[in-house]
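Take a look at the structure below.
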Amino acid sequence: MKTLQILILMLVLGATAMAQRGVYTGVTWNMGFPTSSTAEYIDKTSFRGFGITIAKYVQPDLSIGGSFSWNVFDELLRGRTEILENGAVSGTQVRYINSLPILINARHFWGERRGEVHPFIGLNAGVYYIRQRLDIGVWSLENNNWHIGLAPEFGLYIPVGRETYLTATARWNYAFDSGTRLGGNPDNSYAYWGIDIGIGSIQGWF
Amino acid sequence: MRFPRERRGLTRGGVVGATLLLSALTFVACYTDYGLTYDDYDVVVTLYDKNTDFGAFKTFYLPDSVFLVGDTTKKVSNEFDDLILSVVANNFESRGYQRITDTLASPPPDFVVVTAKSTSTTVFFSGGWYGGYYPWYPWGPGYGWYPWYPVGTVNSYSQGSVVVDLIDPARTDTVNKLIGSVWAGGVNGLLGDATSNTRERIYNSVNQMFNQSPYLGSNR
């Protein structure tokens, strides 16, 4: 874990320090709101997550880039009985989903001048590495898979300095059905809304 | 959108961002410590044969011993045997089944209830059966119960299990020396100290076996 943290920190510091013209670098605090089949497993909002985005402006109103993020969903369920096909099981459950999307993205911006609020819409595509875990009693059941995923988004860049912007993004994450399934789960796709709030820097003149 | 003049080097935004990221990385952890207590680790599993008409049974026989299974070389306390037997008997009786204590009774009981216990640092599993047969009574090592999902990892805590089986004599296979179990309840939990309320946990868990088995009950 510490190695991962150091690598990510180096990535951000390096990207920021060596930023070139028209390059956006940003970090976000990511919240997650499970929907559909994800909500059936965990319906509790996640306030634990972060993201890194690096993008290059290929036109004044269009950036192409990539992002890495991490959302942790978890929920404690006490006194729960699961009905099985030929029985039942009861006990305290702790459920987890760790979602790690690695996505490329394109964003279209509105707003002409520096110092303005710049709304945008975007589309992300890439892979999601999802670690699903169920703890019940002394057992830990894990199901880890790579998924193809899409994430349309919209948001705002709000200027707070010469090069610095506060960012707010709403992103609907969808990871397609893939790999093995935990127990009798009929659908291994994942979906959640992400609200990402952060800070970014745009360096260089396009 | 127009961008500010090019300026190389770490920006103020970058510093703030990196600080934010550091905070985020500290904040994010894969798994949460919920501060679970002993009874949070108690799991009750019940399995049954869907082709069995439990309402057709009327009488049962319950031996007055809780058998030791799994690692039989280990000393296991008998402190809770009476509790296990009484809770099991009360639950069957409250569901309309009549307990028979005479082993020579005629006609013989409709089903036999067997209780077993085990302590172990690993969970013992018998493999993928159900609606099948246990080895011929009394059971030896290898007997056990299993959760409904394939097991991923098992933590190495000292554990205790209580298993209750409802045996249908009509399904006895005398050729292969197997007997049929049409309902099984299992409790698995951590072995604790006096503060872990072992007696209360056993009482609640064995009752839970029956609470989550609403199909048990005599119609006769």
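Could you list, in sequence order, the residues of the stretch B:29-86 that are out of contact with any Ser or Thr (no Cβ under 6 Å at 6 or more places or on another chain), of a type in the set (Val, Ile, Thr) and assigned to a loop (DSSP other than H, G, I, E, B)?
B:32, B:37, B:52, B:72, B:73
For every residue, the table says whether it meets (1) out of contact with any helix residue (DSSP H, G or I) (no Cβ under 7 Å at 6 or more places or on another chain); (2) at pLDDT below 80; (3) farther than 18 Å from residue B:191 by Cα.
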| site | (1), (2), (3) |
| --- | --- |
| B:31 | yes, yes, yes |
| B:57 | yes, no, yes |
| B:76 | yes, yes, no |
| B:79 | yes, no, no |
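Only one residue in A:49, A:32, A:66 is surrounded by 23 or more Cβ atoms within 10 Å (Cβ to Cβ), farther than 20 Å from residue A:136 by Cβ, more than 7 Å from every other protein chain (Cβ to nearest Cβ) and of a type outside the set (Ser, Thr, Tyr). Which one?
Details: A:49 fails: more than 7 Å from every other protein chain (Cβ to nearest Cβ); A:66 fails: surrounded by 23 or more Cβ atoms within 10 Å (Cβ to Cβ).
That would be A:32, the only listed residue that is surrounded by 23 or more Cβ atoms within 10 Å (Cβ to Cβ), farther than 20 Å from residue A:136 by Cβ, more than 7 Å from every other protein chain (Cβ to nearest Cβ) and of a type outside the set (Ser, Thr, Tyr).
The values are calculated or read from the model by the stated rules, or taken from the named source; none is laboratory data. Small disclaimer: the values here were computed from a predicted structure and weren't measured. Backbone-built Cβ (ideal geometry, glycine too); neighbour counts: all protein chains shown.
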